[in-house]
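Quick notes on the structure that follows.
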Amino acid sequence: MIEIRNARKSFGDHVVLDGIDLSIDRGDVFGLIGVSGAGKSTLLRCINRLESLDSGEIIVDGVDIGSLGKAELLEFRRGIGMVFQQFSLLERKNVYDNVYFPLKCSGAKRSKVDGRIKDMLELVGLGDKMKALPRELSGGQKQRVAIARALVSEPSILLSDEATSALDPNITESVLGLLRRINRELGLTIVVVTHEVSVMKAACTRMGLLNHGRLQALGTSEEFFLEHPELLTEFTRDAGWLPDAAPDEALLRVVLREGGDASLISDLAIRTGVRFEISWGGFDRYGESVAGSFVLKAPRGRLGEVTAELDALGAQWREV
Ligand SMILES: Nc1ncnc2c1ncn2[C@@H]1O[C@H](COP(=O)(O)OP(=O)(O)OP(=O)(O)O)[C@@H](O)[C@H]1O
């Protein structure tokens, strides 16, 4: 539904997007990740044409957004909600009026949209705060008002730029839960720029790693964390960490999933008679599922036999 083709953008001589090809499916929660300055926010802003590309195309639901005239662009933007890190609420207006504001701007009568505003405030858990002013709310509550305001126009896409980075971890957790729920209940496509590991693990169905304006890697969040954690050392120091291995030892990274392969490592040990050292690893929650990757030390002399058994057990593994 969002198709980005050979997107290029420079500010002066500085190339910020250097030929991005990417497609984001309907209903994805897509995480744009990368070091500071990689071009994440610029790409996000290009998706609703707050910035325009120098060349390339962004096609949303079959429409090349670069070709839209002024009126069409306004109409297109109505279908896209945006949440920034700064909540930018209207301080003198209460919660209800903040959420009503975008509808009012597009000419909707209060009486016509009253039910929708109240439903949206219920959905974000602020049904009892409609009369409160922004200064009477916590950071997480303000963020939820911003989300309600972005969603009240019933967009098909939500763009979120570091929206949870100012929140404490517990609140981040509830905002993420909310986004996941909205994603499921409303079938919304969400594109989120983030540096936060909790957001990547809990919310993102797929992620793209940007590096100097190029798409360096693309995959599910499980593929990043469990199979290629070395790509994430920028965000979590431990991600790509490996123990030392002697020349006669090999390190194998094995992925375990809740339910399926709980006894995989003991099965492997029984079948091969090798006493493995589990040198590193742990389980974590990815959206609704639990999975982990574990680094095993195996004698190099037995590697062929061990990896053949891993294949026979249907394990997901690689030597690291
Ligand atoms: N309007 C602008 N004019 C000039 N340079 C800009 C403009 N917007 C962004 N840049 C530059 O483009 C580069 C990419 O910026 P962008 O905000 O897209 O990166 P980012 O990956 O989102 O970084 P961060 O994680 O720090 O927000 C940066 O070097 C930035 O200074």
Output the residues belonging to region 6-30 that are buried (at least 16 other Cβ atoms within 10 Å of the Cβ) and more than 29 Å from Lys201 (Cβ to Cβ).
-> Lys9, Val15
Does Gly39 meet the test of being within 15 Å of the ligand (Cβ to nearest atom), of a type in the set (Gly, Ala, Ser) and surrounded by 14 or more Cβ atoms within 10 Å (Cβ to Cβ)?
-> yes
Which of the residues that make up region 195-222 are within 16 Å of the ligand (Cβ to nearest atom) and out of contact with any strand residue (DSSP E or B) (no Cβ under 6 Å at 6 or more places or on another chain)?
-> His195, Glu196, Val197, Val199, Leu210, Asn211, His212
Quick check: anything in region 290-312 among the hydroxyl-bearing types (Ser, Thr, Tyr), crowded, with 19+ Cβ neighbours inside 10 Å and in contact with a Ser or Thr (Cβ under 6 Å, 6 or more places away or on another chain)?
-> no
Residue list for region 17-35, filter: under 16 Å from the mean Cα position of the chain (by Cα) and within 13 Å of the ligand (Cβ to nearest atom) | Gly31, Leu32, Ile33, Gly34, Val35
Could you tell me whether any residue of region 92-101 is exposed (fewer than 14 other Cβ atoms within 10 Å of the Cβ), more than 16 Å from the ligand (Cβ to nearest atom) and within 20 Å of Ala148 (Cα to Cα)?
-> yes
Have a look at Glu51, Glu57 and point out the one that is under 26 Å from Thr194 (Cβ atoms), without any contact (Cβ under 8 Å) to a residue 60 or more places away in the chain and buried (at least 16 other Cβ atoms within 10 Å of the Cβ).
-> Glu51
Quick check, is Phe76 farther than 30 Å from Arg135 by Cα, within 16 Å of the ligand (Cβ to nearest atom) and not in a loop (DSSP other than H, G, I, E, B)?
-> no
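Coordinate-derived values only; no laboratory data. Remember, it's a predicted structure, so these values are computed and weren't measured experimentally. Please note: Cβ atoms are built from the backbone with ideal geometry, for glycine as well, and neighbour counts cover all protein chains shown.
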